[in-house]
Each structure stands twice: as structure tokens, then as C-alpha cells.
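These notes concern the structure reproduced below.
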Amino acid sequence: MSELSRLDAHAIQGRRAETVRVDPALFDPARGERCRIDECHAACCSNGIWVDVHQAQRILAHAADVIPLLQPGCTDPDQWFGDETWEHPDFPAGVGIPTALIDRPELANAPRCVLLMADWRCALQVASERLGLGWPGLKPFDCATFPLLRSEGELQWDAESVGELGGADCQRPTAGRPAPRHEVFRIEVELSLGRHGADALAALAGPSTADTLP
């Protein structure tokens, strides 16, 4: 599929409903299956994430639910976000701030987001599940959709961030021919477009090449 298709994306986490272009790279074969966090050690969280300031305020409002999940030395909410700001229309409030990073001795002091638990899970995601906040709950939207990115009216394969993360693309090798990216990351597609939009994208793609092999 060489041309950009257009699909309706729903409103979520302050992002408005809009018609978005679909990156043809989403129809390309994936590199493999979804990753396992016990193997990748949350490599996609190496650089932290930019968070809409209103979402950051929501996270801080639930600090009491997040703190017990964090590692020692990471429990001060005043240290969860950096002072830098980034003005961009992708943020519903128009401004984003970065999550802080900490060095993880288990990885020879390689950096990871401060909001990761000792077992590499996202504390925001676990807290949201316990609180019944639904998906993605407190988890920043761009974290929940990675390695896809809904930005500036397009749902795209986030090749730029994957490159900045040293190739961390939330996949691992698999036997046989892998499914298309939009199938492997159906959860992220559905979060970005809604269920109806995800179904429409699948219909555009037609039968999976993985399913049509003899």
C-alpha cells in the first residue's frame, strides 16, 4: 500500500477526534512478535517520555497510588519530571514536560524512566489497573501507543524514536513470516483510532500475509 489512507481517530486523553493519515509502514511485515519485558528490560523507556502538562498533573494527583510501586530513591514526586518544556500541538495543553531518568545498576547504570518498577513494569500502568482507570489510565498516551505515534494528523510507525532508542521497537524475532505491524500492534492501533478505526485499517490491509501462507 503506497498511498496514505485516511481514517477517523477518536478523542482520548485530551486529544480531539480527527481524521488522520495512515503511514503505509504500518502495513509492512513486523520484525517479529511483541517483546517480553523480562527480556528487553523496558528498552523503549531508556529516554523517558514527554508528557502533556495536564496529564502530568493528573499523575501527580495520584502520587499516593504510584509511590508504593516505585523503587527506593524514586518516590519523590517532585523528581518525576524535568524542568524543560516543549511546546507542540500534539499535546492537548500545548506544552509537554519530560519524565526524569535514573541509572539502573542491573544494566550497568544504563538509564530508564524514573516511573518504572523494579521488575521493569510501568508503575503508572499498574496503578491505573488497580484503580480501575481503564486503558491507558495514567500512562502517557505516547508511551501507550509506542512504537506507533499519532502526531500532527498522522498515525505513523515511529521510526525516529526507534532509532534514538538504539533499535528498541517492542519486538523480538519469531519463527516463520511475521504478521503486519498493524496486527502485531493492534492494541496500539485501537488506542489511537478506536475499535472502529482499527477495524477499518485492517479492512484496508486485507487478509494477513501471515494467515495466507500454506
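We did not get these values from a lab; they are worked out from the coordinates using the rules stated. All values derive from a computational prediction rather than experimental measurement. Cβ coordinates were reconstructed from backbone atoms using ideal geometry, including for glycine residues, and neighbour counts include every protein chain displayed.
What to note about this one:
- Size of region 5-205 from its Cα atoms: along the principal axes, largest to smallest, the extents are 48, 39, 31 Å.
- Computed extension gain for ARG34 through GLU18, at 0.36 nm per residue and net of the alpha carbon distance, reaches 2.9 nm.
- ASP199-ASP103 FRET efficiency (beta carbon distance; Förster radius 35 Å; 0.05 resolution): 0.25
- Residue-averaged 222 nm ellipticity for the chain, from DSSP H runs of 4+ at -39500 (n - 2.57), nearest 500: -7500 deg cm²/dmol
- Its alpha carbons considered, region 1-79 gives a radius of gyration followed by a Dmax of 18.0, 49 Å.
- Rounded tilt (10° steps) of 186-205 against the dominant C-alpha axis of the chain: 10
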